[in-house]
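Undergrad: This is the structure I have questions about; it appears just below.
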Amino acid sequence: MTEQGVRWTAEQVLALAPDAASRKAGSKLGAAGPWSGAGSARGAVWGLCRGSGSRPYQTAVDLADAAGPAYRCSCPSRKFPCKHALGLLLLWAGGDGAVPVVAEPPEWAEQWISGRRGRAGGERADAGGSSASGSVEPEAARRRAERRAERVTAGATELEQRLADLLRGGLATAEQAGYGLWDETAARMVDAQAPGLAARVRELGAIPASGPGWPARLLEECALLHLLDQGWLRRDRLPADLAATVRARLGLPAPADGPPERDRWLVLAQYDTVDPKLTTRRIWLHGADSGRTRLLLSYGAAGRAPQLALPVGLALEAELSVHPGAGQVRAALGERFAPPAPAGIRPPGVNTARAAARYGEALCANPWLDSVPVTLDRVVPGPGGEPGSWQLADAEEDSALPLTSAARSHPGLWRLVALSSGRPVKVFGECGHRGFTPLTAWPEGPGEPVTLC
């Protein structure tokens, strides 16, 4: 058990897996067979796992750190947590006595636990001291910001000219040019230090091959890109929140300077998106006392899991600071006061009509918004009106939200259907112009959350 006297569920343990392969391999090690010398004490779990070598792997997990679980294993894997750590936590989560509570850890585990807790305490003290005495070079930072703004302005001006040339020549030229046209334009935006513009330009390249109606979709995306360009070029005339949104959409850094919000933050969902250079982890949180929804982003190199991992269904007492921008939900994780622990909290929900209205209201403040976080109450998954489509139908009203194409092709859809079995469920997800993407669901009665992403 953790220091709070609670044991995690298997689903919460597997949410820590860095990838699907680790999840599968860790599940195979969640039985007592390969383990010996397992035990738990003072918020830590340890054990010896028989592997292919002559000596068993020494595996330990520290669950008592407010910064999240920490892992140690003598295996050669570079994944964190490795399959042995996941298997050990699954064995512990089973609660069948395979990981007994003992008075003291063995020497090898005690040395690691004491050492890392001592170092973590020292680092927190150093961080507190450096934040008070840290020096900043405001003049140099201001000059760097001015130089970058000049490059971004030049890039936005060039992009405006390229968009005008495209419309002047007709959208059919985009279909003939293929990806080359957009890749070259995106490279120019990277040179202009505007990664947000570069990312949106790259997405345009896939639209001509997206099927019937692509000219209208391309025109819509070009219009949003033009709007973003104009927002930057006229940023001095915009309200402060909208100007901050434009800066964020262009990819310019903005520190989280909002006042700290201390709360018990329920982990609603966690999932990764991967591109050739970066792994991005999105963690949705719900404040039990404030009722606010916040988003944490964590990054890792390509093929590596981001360091921050918070199992769905646990609650973390911590402070968050929101980034600037209109309707901004992205936040930075500040001081943590206790390790994540089960809390038995569920977020309040709305009906499908209110969810769609909430997205519309958010677009008024941020027209580039793809989706908003929403919890739906009492909805039933089922096939939609068109072949291959699925929807979440409101159990109380004659309305429904279509699922996105990504959600329809994800295995989580079948977990949602199995959980519902024709009965209403509570679903958290992202609601946008492409439809609704379910991320976590709860049964109508008592029961643990089920991850769908």
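The values are calculated or read from the model by the stated rules, or taken from the named source; none is laboratory data. Since the model is a prediction, treat every value here as computed from it, not as a measurement. For neighbour counting, all protein chains shown are included, and Cβ atoms are generated from backbone atoms with ideal geometry for every residue, glycine included. In case anyone asks, the SASA skips ligands and DNA or RNA and just uses the protein heavy atoms, side chains included. Shrake-Rupley method; radii C 1.70, N 1.55, O 1.52, S 1.80 Å.
Undergrad: Does Ser135 count as assigned to a loop (DSSP other than H, G, I, E, B), modelled with pLDDT under 85 and not β-branched (Val, Ile, Thr)?
TA: yes
Undergrad: Please determine whether any residue of the range 95-103 is free of Cβ contacts under 8 Å to residues at least 60 places away in the same chain and closer than 30 Å to Ala318 by Cα.
TA: The answer is no, given that none of the residues of the range 95-103 is free of Cβ contacts under 8 Å to residues at least 60 places away in the same chain and closer than 30 Å to Ala318 by Cα.
Undergrad: How do the pairs read when you match residues in the range 254-270 that are touching a residue at least 40 places away in the same chain (Cβ under 8 Å) with residues anywhere that are open to solvent by 90 Å² or more (accessible area, probe 1.4 Å) and in a strand (DSSP E or B), using Cβ under 9 Å and keeping only pairs 6 or more apart or on different chains?
TA: What qualifies is Pro260/Glu335; Arg262/Glu335.
Undergrad: Can you confirm whether Ala305 is surrounded by 15 or more Cβ atoms within 10 Å (Cβ to Cβ) and either outside any loop (DSSP other than H, G, I, E, B) or not hydrophobic (A, V, I, L, M, F, W, C) (or both)? I'd like the intermediate steps shown before the answer.
TA: Details: surrounded by 15 or more Cβ atoms within 10 Å (Cβ to Cβ): yes; either outside any loop (DSSP other than H, G, I, E, B) or not hydrophobic (A, V, I, L, M, F, W, C) (or both): no.
When the stated conditions are applied, Ala305 does not pass them.
Undergrad: Just one of (1) open to solvent by 80 Å² or more (accessible area, probe 1.4 Å); (2) assigned to a loop (DSSP other than H, G, I, E, B); (3) within 16 Å of Val380 (Cβ to Cβ) trips up Arg415, so point out which.
TA: (2)
Undergrad: Please determine, by comparing only the residues of the range 233-246 that are closer than 21 Å to Leu159 by Cα and over 27 Å from the mean Cα position of the chain (by Cα), which one is most open to solvent (accessible area, probe 1.4 Å).
TA: Among them, the one singled out is Arg237.
Undergrad: For the range 61-75, which residues satisfy the criterion of being touching a residue at least 24 places away in the same chain (Cβ under 8 Å) and over 13 Å from Leu86 (Cβ atoms)?
TA: Asp62, Leu63, Ala64, Asp65, Ala66, Ala67, Gly68, Ala70, Arg72
Undergrad: I need the full set of residues from the range 42-60 which are under 28 Å from the mean Cα position of the chain (by Cα) and either open to solvent by 30 Å² or more (accessible area, probe 1.4 Å) or without any contact (Cβ under 8 Å) to a residue 40 or more places away in the chain (or both), in order please.
TA: Scanning the range 42-60 gives a single hit, Thr59.
Undergrad: Answer yes or no: is there a residue in the range 68-84 that is more than 26 Å from Ala269 (Cβ to Cβ), in a strand (DSSP E or B) and open to solvent by less than 50 Å² (accessible area, probe 1.4 Å).
TA: Yes - at least one qualifying residue is present in the range 68-84.
Undergrad: I would also like to ask the following. Could you please find all residues in the range 293-332 being closer than 23 Å to Ala17 by Cβ, of a type in the set (A, V, I, L, M, F, W, C) and out of contact with any Lys or Arg (no Cβ under 9 Å at 6 or more places or on another chain)?
TA: Leu310, Val312, Leu314
Undergrad: Show me the helices (runs of 4 or more DSSP H) found entirely inside the range 166-246 where at least 3 residues are modelled with pLDDT of 90 or more.
TA: 179-191, 195-204, 214-233
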